[in-house]
Each structure stands twice: as C-alpha cells, then as structure tokens.
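Structure record follows, encoded as structure tokens.
The values are calculated or read from the model by the stated rules, or taken from the named source; none is laboratory data. All of these numbers come straight from a predicted model, not from anything done at the bench. Using ideal geometry, Cβ is built from the backbone for each residue, glycine included, and neighbour counts are taken over all protein chains shown.
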Amino acid sequence: MNKQVMNSEKTPVGTYRYRILALLFLATSINYFDRSLMAVMSPDLIEWFGWTKQDYSYIIISFQIAYAIGLLSMGGIIDRLGTKKGYFLSIGIWSVFGMLHAAIGKGFSMIGFILARFGLGFGESGNFPAAIKTTAEWFPKKDRAFATGIFNAASSVGAIAAPFVIGAIVYWSGGSHR
C-alpha cells in the first residue's frame, strides 16, 4: 500500500468528506427551515384560510405523526436502499410535499395542509438516519462526533433563519394573500 493511500487527509476521501459534510449541513438547515415555516406563518395562515386553532393543531399533529412513523421506518429504508439512494428518497419526498403547500387553495386548505404536512414529516424524518449513516461511512471513528455536531448544528441554523427570512418575504410582499 502506498503512503498516500495510508494518509487519509491526502486522499480524495480525506478532502471530499468535508464537502459531503457541507451538503449534510445544508440539507439539515433546509429540513429545519421547512419545519419551522408553519409556526412562523401560522397567524397569517390561520387568517388567510379561516382555520380555527383546532384546525391548525390537526395540521401540526399530522406532521408529528408522520415524523414518528418515518423515524420508525426510514432508517430501515435507508439501510436497504443504501445511504445515497435512501437520502435522495427522503429529500425527494420532503421536497415534493414542501412544494405542494403552494398548490393548496382555500377550498381544500385543511385537508390539503394535513396531507402536505404529513408527507413533509415522513420525508424529513429520513434526514438524521441518513446523515448519521453518511458520517459513519465517510469519517473515521475519531472524527464522527465532530462531523455529527456540525450537521446537527444546522438544525438550529435552519430554525433561527426561518423567522427572519420568512418575515422579510412577507414584509416585502406586503403580506398580501389576494
């Protein structure tokens, strides 16, 4: 075995893994940003769609139920499909259901948001199993806790960024729902 292969910092894996970690950070930030949108927008959404607080609670509960179901099943799905395909599936599901929120009209707002939030919750539940498995595959044992801490910090970044970004968008758009 040559010396370059033995020194993991000089191999493509040694330098490439930090790019992978950056992608994990980005995906986890988006995950928590998406998750925080309903809380940030809830006053406007309740007004725009004419929901009661109980209606809103059903929408939030649908996400939580789907996330719980997903946590029980997505890890196994990711193990069977492999990390890359499993993470792709997870991100694909949460992206499609995240975009579906924009297609929901007033007439079907309650059931539409329940379904969209359910799909979002199920898809987002695969983020952590996939990210943890990715760090196990790309980082040596001595660096895994560091890598996990980095991508896990992204959950706070996404949750903190959501109110500022969404607040600015609503402000700049005039908050109009017409």
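Cβ-Cβ distances below 8 Å connect no pair with a first residue in the range 156-178 that is at pLDDT 90 or above, a second residue that is among the aliphatic types (A, V, I, L, M) and exposed (fewer than 11 other Cβ atoms within 10 Å of the Cβ), and a separation of six or more residues or different chains.
When the residues of the range 101-140 are filtered to those that are of a type in the set (Ser, Thr, Tyr) and more than 15 Å from the chain's Cα centre (by Cα), which remaining residue is modelled with the lowest pLDDT? This residue is 109. Considering the conditions (1) among the small types (Gly, Ala, Ser); (2) in contact (Cβ under 8 Å) with a residue 60 or more places away in the chain; (3) closer than 24 Å to residue 62 by Cα, residue 121 is excluded by exactly one of them, (2).
Filter the range 131-155 for residues that are within 10 Å of residue 21 (Cβ to Cβ), surrounded by fewer than 19 Cβ atoms within 10 Å (Cβ to Cβ) and touching a residue at least 24 places away in the same chain (Cβ under 8 Å) and give the result. Listed by number, the list holds a single entry, 150.
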